[in-house]
1. With a 1.4 Å probe and every protein chain left in place, work out the accessible area per residue of the protein assembly as shown in Å², rounded to a whole number.
2. Per DSSP H run of n ≥ 4, the term is -39500 (n - 2.57); total these for the protein assembly as shown, divide by its residue number, and report the mean residue ellipticity at 222 nm rounded to 500 deg cm²/dmol.
3. Heavy atoms only, probe 1.4 Å: what % of the accessible area of chain B goes to carbon and sulfur, would you let me know?
4. I'd like the Karplus ³J(HN,Hα) series for the stretch B:262-267: coefficients 6.51, -1.76, 1.60, θ = phi - 60°, whole numbers in Hz, and an x wherever there's a Gly or Pro.
5. What is the mean number of Cβ atoms from other protein chains located within 10 Å of the Cβ atom of each residue in peptide A:87-98, rounded to a whole number?
6. In a Debye calculation with equal point scatterers on the alpha-carbon sites of the stretch A:166-216 and no solvent, what is log10 I(q)/I(0) at q = 0.20, 0.25, 0.27, 0.32 Å⁻¹?
7. Using the Cα centre of chain B as origin and beta-carbon charges of +1 (Lys, Arg) and -1 (Asp, Glu), tell me which of B:Thr144, B:Ser61, B:Leu226 is placed farthest towards the positive end of the dipole.
8. List the chymotrypsin sites (Phe, Trp or Tyr not before Pro) within the stretch B:1-82 that DSSP assigns to loop and that have no more than 11 neighbouring Cβ atoms inside 10 Å.
Amino acid sequence: MNEKVHSKNILKAENLSIGYKRQSESICVAKNIDFEIKTKELVAVIGVNGSGKSTLLKTLSNILPPLSGNIFLNESSLTKIDQKKLSNLISLVLTNESISKNMSILELVTLGRHPYTNWLGTLTTSDQRKVLKAIEQVGMLDLRNKSCDSLSDGQFQKVLIARALAQDTPLIIMDEPTSHLDMYHKAYVLQLLKSITKTSQKSIVFASHEINLALQLCDRIILINNGKINVGTPSKLIKNGAFEKLFPKDLIVFDQISQSFRMKIS
Amino acid sequence: MKKRHLNISILGFALVLIILLSLYLGSVKIPLSDVLKSIFGIPIDNSTWQYIVLEYRLPKSLTAILIGSGLSLSGLLMQTLFRNPLAGPYVLGLSSGASLGVAILVMGSGLFGGILGSAFFSKWSIIIAASLGSLMVMLAVLTTAKKVKDTMTLLIIGLMVASLTSAVVSVLAYFSNAEQLQMYIFWSFGSLGNLNWMEVGLLGICWLIGIILSIFSIKNLNALLLGENYAKSMGVSLSRNRLIIIISTSILAGSATAFAGPIAFVGLAVPHLVRQLVKTNDHLILLPSVLIAGAIVMLICDVIAQLPGSDLTLPINAVTSIFGAPIVIWLLVRKQKIMF
């Protein structure tokens, strides 16, 4: 117990139930969720389509209220933190948002400084430095004046990650940052996330379908399966056989030796 | 950055030129030096000329500036708020609300009996009816805006309100006589030249309130370029922000329609033209550019409507449509897509 107090928890879920309201009726997606995310950890949320990954991430970023239970962010209750203060603690990388691409990379990443600037949005030199550093971290410094409209999906994803970095929050939550990307860029983005957590004091929680890649990179995995949540290091979850039960067994099976899913060849 | 400031300066210079041109041109030929003297209060020999410039041309040019810039800014606000490049001040049904108010006043007198006698159709009663009409639509939209979370739904509701009001206008038109119908149609042509100084002042106050509200929204408008979820995650209070933007649009577009009748396409086309010119979506640069460009476009349309060298005047609404529609089509065809 004593040890837990000393290790830095950025996020902690206690007996959490998540779900959403549809016509005044609450639909529970998962319950009895307990986990901690520590500083500098890279955490993947994994589950099949419709398992509640997005619901969990939305609850963690305070877009949806929890059905019951508590979430603590830096040891204060998430639902009691006001929107302004929360913008200094959590930044988001989302998919399928209607983003205006009619601006340069620099302009888009600059928007990440929004919570810190004055009423007109004037940048200080320290703001400008942080913006350039964020663009450099995703390796796009040379392209910074290019229009977002001319970028590939992979490049644009990196720009969105840079925007979250510029917001400079201890926790970054990402909803499927690797969707629509080819295999190389999937690996590239995940490696980038890993290096961000290693080189800065930030923790990243992301939802992903890339189980094979996540198992190789992440410090911790939150596995959602049929309303039950399984949290642990990749090796612990593999040992528990948590992945064997994830999918129907007719097409793919989890291979303990290579620690990845393989096609079943009959 | 430097280049953008240059672009704004060029726009400002063009505005000054076109203001002078609009003051110079008219059915009575007055030398430019006398026009300038009249404006700066230096007495000139021909007092009729001075009267024409001070009481007719100057208020008209000011009206064109206020209405052009106001409508363009409200178009920009709507496009960012709805993240839809085809949004304009009309999408919230504001101008159809104004049309409905005027239609009820002008054509509904047959239905309501003698209370609204023909002597009552003064300019002011039309302004009040138009304001009441857009105010009612604005209140209806605000009430729905509180209940509906999704801005796209709000956009569709605005379109529905517009078609509903135009249906009521059609019904009224069907039962009204030729004289009433003509009166309504003349109002719907739009006109910049009917305002006296007091009315220009009133329009100016509305314009100023709308502009001030917009200036305080610049930062949040930029955040909204990323969509509502991102904006919220960066600490933007979505509902309050939306309220301020809708109020500002309603004041800008509502007052313009009340004083000059419905004027189409300026609000939709000008923000897109400006984006072609300044090549940024930063509202700190877009807002002043759109204001200046809106004024320029409106003044040009007014100059064309006067058909220089003739005594005829075309309806301003027709001129803005004739120029606005091809611009939007050109943007769609040439640029393949128009972005907000």
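The values are calculated or read from the model by the stated rules, or taken from the named source; none is laboratory data. Note that this is a predicted model, so its numbers are computed, not measured. Cβ sites come from the backbone with ideal geometry, for glycine too, and all protein chains shown count toward neighbours. We work out accessible area using only protein heavy atoms, side chains counted, and drop any ligands, DNA or RNA first. Shrake-Rupley method; radii C 1.70, N 1.55, O 1.52, S 1.80 Å.
1. 47 Å²
2. Values: 24 runs with 332 residues, N = 606.
After summing the helix terms and dividing by the residues of the protein assembly as shown, the value is -17500 deg cm²/dmol.
3. On the way: 11090 of 15300 Å².
Solvent-exposed carbon and sulfur of chain B make up 72 percent of the total.
4. x, 10, 8, 6, 4, x
5. For this peptide, the per-residue mean of nearby foreign Cβ atoms is 4.
6. -0.69, -1.03, -1.15, -1.37
7. In chain B, that residue is B:Leu226.
8. On the way: sites: B:Phe13, B:Tyr24, B:Phe40, B:Trp49, B:Tyr51, B:Tyr56, B:Phe82; in loops: B:Phe40, B:Phe82.
The qualifying sites are B:Phe40.
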